[in-house]
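The values are calculated or read from the model by the stated rules, or taken from the named source; none is laboratory data. No experiment lies behind these values; they were computed from the predicted model shown. Backbone-built Cβ (ideal geometry, glycine too); neighbour counts: all protein chains shown. Accessible surface is based on the protein model in full, side chains and every heavy atom, while ligands, DNA and RNA are left aside. Shrake-Rupley method; radii C 1.70, N 1.55, O 1.52, S 1.80 Å.
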Amino acid sequence: MSFEGKRFVVVGGGSGIARRIAVDAHAAGAEVLFAGRSPAEFTEPGVRTAVADLGDEASLKALAETAGEVDHLVTLAAAPANGPVTELDRDAVTRAFEAKVIGPILLAKHFAPRMRDGGSIVLFSGVAAWRPAPERTVMATANGAVAFLSQALAVDLAPIRVNAVSPGIVDSGAWDRLGDGKAELFARTAETNPARRVGHPADVSAATLQLLANPFITGTVLHVDGGGRLA
């Protein structure tokens, strides 16, 4: 697909998925602005960078002013607050909802007036919303809220289209922190997922770009999880 002449803003910090979306959109002809807390770490040629903190509305307003008129906005930031409910830190819970829910609402506030005709927004949910697990209450709830937020914004901002992508277990770099446990997690996921493998950033990027390109899809959650929510 071609995004020649289109302007993208991708908010996602150092996520491997965010990087792949930015690179693929640029390869498809788009002008891409990649934003996060540490944008200097993103060095892909041809992609502009800017600072954005979803917990700071002033930075989001400044990002919108820097971007100017835009065609597509994608926000993938996350700040997991995992652990037993009895041990959760309130600030960590707040940061999780700022990244997934409050921040995207404020992005919509500042970017919607700058959207060109045919513009769209993609938010990021996650399979945890459909497969809650012990010590993942905040993750499940925040991701679930994103699904409803995409529907509400699709109505509120119409005709701007708003959708959500819900990835499953993806080899994006986020699981590297598990060390040797990563291979075990991926093997277990591949064994139980209907797709019989884990995901890759390219899978999620392709699905995201398809949502952005299709002018007749809005208020929808696209599950890119290999069927993980069914496993």
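So here's what we get for this one:
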item	result
Failed condition for I105, given (1) under 18 Å from the mean Cα position of the chain (by Cα); (2) surrounded by fewer than 20 Cβ atoms within 10 Å (Cβ to Cβ); (3) over 22 Å from I217 (Cβ atoms)	(3)
Matching option when the condition is part of a helix (DSSP H, G or I) and either free of Cβ contacts under 8 Å to residues at least 60 places away in the same chain or over 23 Å from G16 (Cβ atoms) (or both), among G118, G144	G144
Flag if A112 is farther than 30 Å from R7 by Cα, open to solvent by less than 80 Å² (accessible area, probe 1.4 Å) and among the small types (G, A, S)	no
Sole exception among (1) more than 12 Å from S166 (Cα to Cα); (2) part of a loop (DSSP other than H, G, I, E, B); (3) in contact (Cβ under 8 Å) with a residue 12 or more places away in the chain; (4) not hydroxyl-bearing (S, T, Y) for P132, by number	(3)
Any hit, segment 130-138, residues being over 30 Å from E65 (Cα atoms), modelled with pLDDT of 95 or more and either acidic (D, E) or surrounded by 22 or more Cβ atoms within 10 Å (Cβ to Cβ) (or both)	yes
Extreme residue, nearest to L107 (Cα to Cα), among residues of segment 3-19 that are surrounded by fewer than 23 Cβ atoms within 10 Å (Cβ to Cβ) and modelled with pLDDT of 95 or more	R7
Complete set of residues in segment 196-231 that are of a type in the set (D, E, K, R), touching a residue at least 60 places away in the same chain (Cβ under 8 Å) and open to solvent by 60 Å² or more (accessible area, probe 1.4 Å)	R229
Qualifying residue in segment 43-55 (condition: surrounded by 18 or more Cβ atoms within 10 Å (Cβ to Cβ), in contact with a strand residue (DSSP E or B) (Cβ under 9 Å, 6 or more places away or on another chain) and within 21 Å of P167 (Cβ to Cβ))	yes
Residue ID - surrounded by the fewest Cβ atoms within 10 Å (Cβ to Cβ), chosen from residues in segment 139-157 that are aliphatic (A, V, I, L, M) and closer than 19 Å to T94 by Cβ	A140
Some residue of segment 167-181 being open to solvent by less than 50 Å² (accessible area, probe 1.4 Å), on the phi > 0 side of the Ramachandran plot and either part of a helix (DSSP H, G or I) or without any contact (Cβ under 8 Å) to a residue 60 or more places away in the chain (or both)	yes
